[in-house]
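Asker: Encoded as structure tokens, here's the structure I'll be asking about.
The values are calculated or read from the model by the stated rules, or taken from the named source; none is laboratory data. Bear in mind the structure is a predicted one, so any value in this text is a computation, not a measurement. For neighbour counting, all protein chains shown are included, and Cβ atoms are generated from backbone atoms with ideal geometry for every residue, glycine included.
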Amino acid sequence: MKLFWCPKTRAVRAVWMLEELGVPYERVLIDIRDVQAKANPAFRAASPMGKVPALEDGATRIWDSGAICAYLADQNPGAHLAPAVGHPDRGRYLQWLMYTNSVIEPAMAEKLSKAPVSTVAHGWGSYELMLDTLRAGLAGGPWILGERFSAADVMLGTACHFLRQFKMLESDPVVFPYVDRCAARPAFQRAMALEVLP
Ligand SMILES: N[C@@H](CCC(=O)N[C@@H](CS)C(=O)NCC(=O)O)C(=O)O
């Protein structure tokens, strides 16, 4: 299994997920700031948009961090990083697994670019609505599904880490302790240790 990756990008999500699973994988560095590196045919076959992370697993190619985390969790049921199909938590898991890329990230982009807010028309609501909903979801803790850590926490945990890193939150009684819990996980620490150019 190959992970096309670059430090200091959303690829850290896939690295953290793979480290949680403890499965063997090869990291292939694609420097996204280098036009020639991005033209690498094997990379473009795995990532038509030229974005990282991208995963190649046999004939399977996936180029979205959320889809990669969902795929890896389902491919490795023994790791218990996703409630199985039919489990009562499956729906809640899917909801939160997708929240990062469908709600948090667009809301962050809206805020950073000072784009006009349209809570009703925009699928992500607004930055404030995104945060309030996230805080309410995390209130039960320690993880988004309660006691059970899952791939949804890999997605949300990295998004919350970025919110703190980009100083989009001054301090937060729910989000910051959640990031701290994520950061205490050995797999998160291994992923962060790889956040440098080789
Ligand atoms: N929705 C995608 C977004 C991936 C993405 O935008 N990656 C950025 C780095 S964080 C990238 O590869 N940018 C390079 C480019 O677009 O040229 C995901 O979550 O995997």
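Residues checked against (1) more than 29 Å from residue 128 (Cα to Cα); (2) touching a residue at least 60 places away in the same chain (Cβ under 8 Å); (3) within 15 Å of the ligand (Cβ to nearest atom); (4) assigned by TED's automatic domain parsing to the domain that holds residue 160:
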{"position": "62", "(1), (2), (3), (4)": "yes, no, yes, no"}
{"position": "73", "(1), (2), (3), (4)": "yes, yes, no, no"}
{"position": "76", "(1), (2), (3), (4)": "yes, no, no, no"}
{"position": "112", "(1), (2), (3), (4)": "no, no, yes, yes"}
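Asker: Next question, about the same structure. For the range 91-100, indicate whether the set of residues that are in the same structural domain as residue 130 (by TED's automatic domain parsing), buried (at least 19 other Cβ atoms within 10 Å of the Cβ), within 11 Å of the ligand (Cβ to nearest atom) and at negative phi is non-empty.
Answerer: Yes.
Asker: A follow-up question, please. Which members of the range 27-55 meet the condition of being more than 11 Å from the ligand (Cβ to nearest atom) and either in contact with an Asp or Glu (Cβ under 9 Å, 6 or more places away or on another chain) or closer than 16 Å to residue 193 by Cβ (or both)?
Answerer: 27, 28, 29, 42, 45, 46
Asker: Report yes if some residue within the range 58-65 is over 13 Å from the mean Cα position of the chain (by Cα), among the aliphatic types (A, V, I, L, M), part of a loop (DSSP other than H, G, I, E, B) and surrounded by fewer than 19 Cβ atoms within 10 Å (Cβ to Cβ); otherwise report no.
Answerer: Checked the range 58-65: at least one residue is over 13 Å from the mean Cα position of the chain (by Cα), among the aliphatic types (A, V, I, L, M), part of a loop (DSSP other than H, G, I, E, B) and surrounded by fewer than 19 Cβ atoms within 10 Å (Cβ to Cβ).
Asker: Out of the range 133-163, which residues are within 20 Å of residue 190 (Cα to Cα) and either surrounded by fewer than 19 Cβ atoms within 10 Å (Cβ to Cβ) or in the same structural domain as residue 12 (by TED's automatic domain parsing) (or both)?
Answerer: Listed by number, the list holds a single entry, 162.
Asker: Working only within the range 83-115, note down all residues that are among the small types (Gly, Ala, Ser) and over 14 Å from the mean Cα position of the chain (by Cα).
Answerer: First, pick out the residues of the range 83-115 that are among the small types (Gly, Ala, Ser): 84, 86, 91, 102, 107, 109, 113, 115.
Selection gives 84, 86, 91, 107, 109, 113, 115.
Asker: With respect to residue 2, determine if the residue is more than 8 Å from the ligand (Cβ to nearest atom), of a type in the set (D, E, K, R) and over 14 Å from residue 154 (Cβ atoms).
Answerer: Considered against the rule, which asks whether it is more than 8 Å from the ligand (Cβ to nearest atom), of a type in the set (D, E, K, R) and over 14 Å from residue 154 (Cβ atoms), residue 2 comes out as yes.
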